[in-house]
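What follows is calculated from the coordinates using simple rules that are stated; it is not laboratory data. For clarity, every value in this text was computed on a predicted model and none was experimentally measured. No Cβ is skipped: glycine too gets one built from the backbone with ideal geometry, and neighbour counts run over all protein chains shown.
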Amino acid sequence: MNQRNPAISKGVDWSLVWIWFILCSIGITSIFAASWHEGDNILQGFISLKTDYSRQLLFFIIAGIVGTFILLTDSKFFTATANLGYAFGIFLLLLVFPFHSRVKGTESIIRFGSAFQLQPADLCKLFVNLALAKYLSRVETNFTRPRSQLIATVIALVPAMLSIMQKETGLALVYFSFFLVMFREGLPPSVLIIGFSFAVLVVATLLMDPNTLALVLTGIALLAIYVLRRVVKRNRAVLFLIVGIWFVCVGVQRFVVPFVFDHVFQPYQVKRIYDAIGKDYVPKDQAAEAALESAEQKTGAKKKDNNYNVKQSKIAIGSGGLIGKGLLKGTQTRYDFVPEQKTDFIFCTIGEGFGFTGSIIFLGIYVLLLMRIVSIAERQRSVFSRAYAYGVASVFFFHIIINVCMTIGLAPVIGIPLPFVSYGGTSLLTFSIMIFILVRLDADRQMVLR
């Protein structure tokens, strides 16, 4: 019987590997387009390790080597080490507090020399995904019980809380994407409805006058009581439930949201949220105003134009037109009009260079990626493999949606990288390892892993 290297190729979904390769190539090309200047030696720039695109290429090669080793690894290794990896991730997050370097307002980065740095909050997504899949796949886990749901929530949100303490609110929000995994594995839809309602209440709190919103909430509560008392007669539990929900909503509006915006978020983060909803942010005290001015000076933002980054990004994307200006011909991105154009705003480089057509094709590749991951998830026999695959899809979906919406002004700028495309070694390695572990698990999909 003739087989060609079955140890690495048998059962491997090469379509997913090719999509990974294409997206990484697009990322290196986009970073090169945003970094290269006339007169630079292209070959020397790629081999020097002194340019952003050369370092990204290096991490791409490292990711490929690591991915090869993952494909040669027994799938049982990932279930056996899932909890240990989670503990290691938490350890790295705790290690940030004494050894962090302050970079652009965040304290979540550990530097190694002048060229390389590690962001544990980014890397820990991988460990959380494995640990959550491990917990959900246990025989003794009954996810219909509140206790199991609470434990899964703690697994997902402990790293988020540590990230917030390190002033990395953007990446902390990514961990909420794991609720989609829990929903797939049996979390009641009411939890997602409550979460969505909470988000709507927060936005309404920012958009409306506090007293007006309180009156609206009171009116909704009275209407609900009137309707339900006619339908469900003599049921005091319903009355108490509605009154309790009203108290919670008013409490969130009056106390929780102001506390979070004043004491949890940084002033520049609050400003970005206000910019996204079209309102001006006025610092409440001199300390907040000084912190905001300091953040603007470090990032190069224009104090009189609170939405400078997003405006420049939209100008860049709009100037690309239907088919774009072409590679290395985008004036907005090549001449540094767009801040953070190699990281948070890398999508505008693609939009300016390749236009609406190129952007649609690029986003179509992401759609294919997500559809392929979901398809792989649904064909797994093992709960561990299925939960892990949905975790990968949820994290990618969150990153893609938020990053693209940031660049076109539909979401606040919270520092979410675009998978495989934004500059960053930790980000590229984390996303790549997540993909290759999924490919390995899928190759052994006939096995039942726990």
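Mean residue ellipticity at 222 nm, helices only, the chain: -21500 deg cm²/dmol; runs of at least 4 DSSP H residues each add -39,500 (n - 2.57), and the sum is divided by the number of residues. When the alpha carbon coordinates of the stretch 173-279 are projected onto the principal axes, the ranges are 51, 40, 22 Å, largest first. Amide H contacts of residue 117 (H built 1.01 Å from N, in plane; Pro and chain starts excluded): 112 sit under 5 Å, all sequence-distant by 5 or more or on other chains. For the chain, the dipole from Cβ point charges (+1 on Lys and Arg, -1 on Asp and Glu) about the Cα centre works out to 1280 debye, to the nearest 20. Membrane-span-like helices in the chain, defined here as complete DSSP H runs extending at least 24 Å along the helix axis by their C-alpha atoms with mean Kyte-Doolittle hydropathy no lower than 0.5, are 14-35, 52-71, 82-99, 146-165, 189-207, 210-231, 346-378, 383-407, 425-443; this is a sequence and geometry rule, not a statement about a membrane. In the chain, Cα pairs under 8 Å separated by at least six residues give a relative contact order of 26 percent. Using the empirical formula 2.2 N^0.38 Å as the baseline, the Cα radius of gyration of the stretch 297-450 reaches a ratio of 1.21.
For the pair residue 228 and residue 357, label points projected 7 Å from Cα toward Cβ lie 5.6 nm apart.
Each Cα pair of the stretch 27-179 feeds into the Kirkwood radius, which the Stokes-Einstein equation turns, at 37 °C and 0.692 mPa s, into a diffusion coefficient of 183 µm²/s. Summing charges over neighbours of residue 431, with a neighbour being any other residue whose Cβ is under 14 Å away from its Cβ, gives 0 when K and R count +1 and D and E count -1. Averaged over residues, the count of other Cβ atoms within 10 Å places the peptides 340-347, 65-72, 371-378 in the sequence 340-347, 371-378, 65-72, highest first. Computed from the C-alpha gyration tensor, the three semi-axes of the ellipsoid equivalent to the stretch 309-377 are 25, 13, 9 Å, from longest to shortest.
Just want to confirm a number: the relative contact order over the stretch 309-450, from Cα pairs under 8 angstrom separated by 6+ residues, in percent. Across the stretch 309-450, relative contact order equals 26 percent. Take the convex hull of the alpha carbons in the stretch 58-100; its mean projected area over all directions comes to 4.1 nm². Considering only Cα atoms, the convex hull volume of the stretch 404-450 works out to 121 Å³ per residue.
If you take the alpha carbon atoms of the chain and fit the smallest convex hull around them, that volume is 180 Å³ per residue. Separation of the alpha carbons by more than 31 angstrom is noted, of 10/342; 50/279; 271/342, for 10/342; 50/279.
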